[in-house]
Every structure is written in C-alpha cells, then in structure tokens.
Amino acid sequence: MNCTVYSKDGKKLRTIDLADAVFGLPVNDDLIWYAINNELANKRQGNACTKGRAEVHGSNARPYRQKGTGRARRGDKKSPITVGGGTIFGPKPRDFSYSINKKAKRQAIKTILSLKAQSDMLKIIEDFSIESGKTKDLAGLLDNFNPGTRTVLILKDNDPMLKRAAANIPWLSYLSYNRLRAHDLFYGRQVLMLETAAKNLNDFYGPKSEEAAE
C-alpha cells in the first residue's frame, strides 16, 4: 500500500510503499485484546499486602470468659470480626506477569499498525531530530499535526535529544520501531512515524523476519 510522506511543516512531499504484510492485514480484535491485557498485567507491581490474624499485633487471650456471661463466645482481639483484627483472604504480594507466544505478539502489533493505516490515523513524516533537546522546538513542529491529540511518535533509532524533548509533552508518547507497545499504539488517536522507521518496519515485521523467527 502507498502512504503519503509529510514534511515537518505538514506539507505533502512524496509517497512511500508500505508492506501489506505489516500495514494491510485484517483487524483481529481478539489478538489485540490478548496483547494489551498481557502488557498491562506485566506492568502490575503486585505490592498489595494485608495482615492476617496471625500477623496482627495483640493478645491471644479472650476478652472475657467463654461461659456464664450470657454473651456470645468470643475469640481474641485479633479475630477478623473485631476492629483492628486480621483480614480474611486479603491480598498478598504476587507476580501478575505472564508470557505470550512471540508470534502472537508480533501479529498483534502488525494488526494494530494495519488498523491505524486503514483508519487514516497513521502519518509518515520525513526524518527529523531536535538537536537542542528542547520541548518547545518539538511542540512547535507537532503544531502542524493535530496538537493536543493523544499521539504516538515512532522513532527510527535511539535519539536521546528527541526523547528528551518529547518527555514533557503529556499527550505524546514515543516508541522505537523495534520496541513497540500494543497498548500505546492502540489507544493513540494518531500515529506519527518517521520515514526511516516505516522502512525499517517493513523489514522488521516483514515476511523474511517471520521466516527467521521460525
């Protein structure tokens, strides 16, 4: 499929050929949900912790004798039914992360890229860098591409100055072409991709890379 390449000023320059095996696939909603759910689960810290009755500080003695008072039988003050007592079946630190099939994750990323391309939410921009590393310089450039919209910027390499400039823009997130995240891609209202990153994606997720992965 062909896609228009825009200049930094938002003007049309030329067209670029995007691989149908990466940007022209049918949308698989189940696979997208599977990949996003996996990423969110892997990000969970699992630090929640409560104390059971064996861990709560307090005496083991009953507050009064068991018989002869006319009252209900009572355990110690650490009982879960007592204020300040232990918690019943409360959360404990745990690991929520799990792994999914590598080919399924790659297919989910390609499906999301195809969804963005088919929905006209993907724009290819000529390669640029922010030599100053200043946020205002990058923000001025992004003013030509629907500023304020939840945006994902896909980089062609590890550009520290561009990342530094993008760090303080709340509605912008940046990803390297070889380290894409399904969650950020799917929920981005527009995806801005550098021209070299688009060419790299053709190879990185193309048919030859799939054969090598097998």
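Is there a residue being within 38 Å of the chain's Cα centre (by Cα), hydroxyl-bearing (Ser, Thr, Tyr) and either within 30 Å of GLU126 (Cβ to Cβ) or not in a loop (DSSP other than H, G, I, E, B) (or both) anywhere in the range 40-57? No, the range 40-57 contains no residue that is within 38 Å of the chain's Cα centre (by Cα), hydroxyl-bearing (Ser, Thr, Tyr) and either within 30 Å of GLU126 (Cβ to Cβ) or not in a loop (DSSP other than H, G, I, E, B) (or both).
Where residues in the range 177-201 are in a helix (DSSP H, G or I) and in contact with an Asp or Glu (Cβ under 7 Å, 6 or more places away or on another chain), which of them is nearest to GLU126 (Cα to Cα)?
The selected residue is GLU195.
Within the range 81-92, residues that are within 14 Å of ALA54 (Cβ to Cβ) and among the hydrophobic types (A, V, I, L, M, F, W, C) have Cβ atoms under 8 Å from residues that are open to solvent by 30 Å² or more (accessible area, probe 1.4 Å) and part of a loop (DSSP other than H, G, I, E, B) in these pairs: ILE88/PRO80, counting only partners at least 6 apart in sequence or on another chain. Among the residues of the range 30-63, those that are open to solvent by less than 50 Å² (accessible area, probe 1.4 Å) and either of a type outside the set (D, E, K, R) or free of Cβ contacts under 8 Å to residues at least 60 places away in the same chain (or both) comprise LEU31, ILE32, ALA35, ILE36, ASN38, ALA41, GLY46, THR50, GLY52, VAL56, GLY58. All conditions in (1) open to solvent by 90 Å² or more (accessible area, probe 1.4 Å); (2) assigned to a loop (DSSP other than H, G, I, E, B); (3) farther than 30 Å from LYS103 by Cα hold for ARG14, with the sole exception of (2).
Taking the options SER132, SER114, name whichever one is of a type outside the set (D, E, K, R), out of contact with any strand residue (DSSP E or B) (no Cβ under 7 Å at 6 or more places or on another chain) and free of Cβ contacts under 8 Å to residues at least 40 places away in the same chain.
Numbers: SER114 fails: free of Cβ contacts under 8 Å to residues at least 40 places away in the same chain.
Residue meeting the stated conditions: SER132.
The values are calculated or read from the model by the stated rules, or taken from the named source; none is laboratory data. This is a predicted model, so every value here is computed, not measured. For neighbour counting, all protein chains shown are included, and Cβ atoms are generated from backbone atoms with ideal geometry for every residue, glycine included. In case anyone asks, the SASA skips ligands and DNA or RNA and just uses the protein heavy atoms, side chains included. Shrake-Rupley method; radii C 1.70, N 1.55, O 1.52, S 1.80 Å.
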